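Quick notes on the structure that follows.
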């Protein structure tokens, strides 16, 4: 019997600014390009850049070595609040009209 992976909720969304807290890229900030909830991973612009050796194809006749961002685990990343310029945890707030918004735990502003 094939076991299905459970869907995980990741605390960061595509388009957020994030700060890497651990690993070789600790301290780097970047925009979240993609979220992979099945593996609890995120791809951040300019972080965990790896080199890919590509064969010449019709689309890329030159081939060669290209650089691209690889996924990192979401537990190694914190949301970066642009209002208070600090890494922060995500809080949730329900408005009067029933809409749910994400807020910065440090300054209380909406994200």
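Expected output is a single nm value to one decimal: the length gained when fully extending between residue 85 and residue 40, i.e. 0.36 nm times separation in residues minus the C-alpha distance. What is it?
Numbers: separation 45, 0.36 × 45 = 16.20 nm, distance 2.52 nm.
My answer for the length gained is 13.7 nm.
Give me 33, 79 sorted ascending by neighbouring Cβ count inside 10 Å, so fewest comes first.
Values: 33 15, 79 21.
Placing the least packed residue first, the sequence is 33, 79.
Defining a contact as two alpha carbons under 8 Å apart and six or more residues distant in sequence, what relative contact order in percent does the range 1-99 show?
On the way: 172 pairs, mean separation 25.3, N = 99.
Value for the range 1-99: 26 percent.
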Inset, instruction - In a Gaussian network model over the chain where Cα atoms closer than 10 Å are linked, find which of 29, 14, 83 has the largest mean-square fluctuation. - result: 83
Inset, instruction - Note the full-extension length gain between residue 54 and residue 68 as 0.36 nm times their separation in residues minus their Cα-Cα distance, in nm to one decimal. - result: 3.9 nm
Legend entry - Three semi-axes of the equivalent ellipsoid, the chain, Cα gyration tensor, whole Å, largest first: 32, 19, 13
Inset, instruction - Give, in nm to one decimal, the length gained when the segment between residue 28 and residue 106 is fully stretched (0.36 nm per residue of separation minus the Cα-Cα distance). - result: 26.1 nm
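Here, each number is a calculation from the coordinates, and none is a lab measurement. From a predicted model like this one, the values you see are computed outputs, not experimental measurements. All Cβ positions, glycine included, derive from the backbone under ideal geometry; neighbour counts span all protein chains shown.
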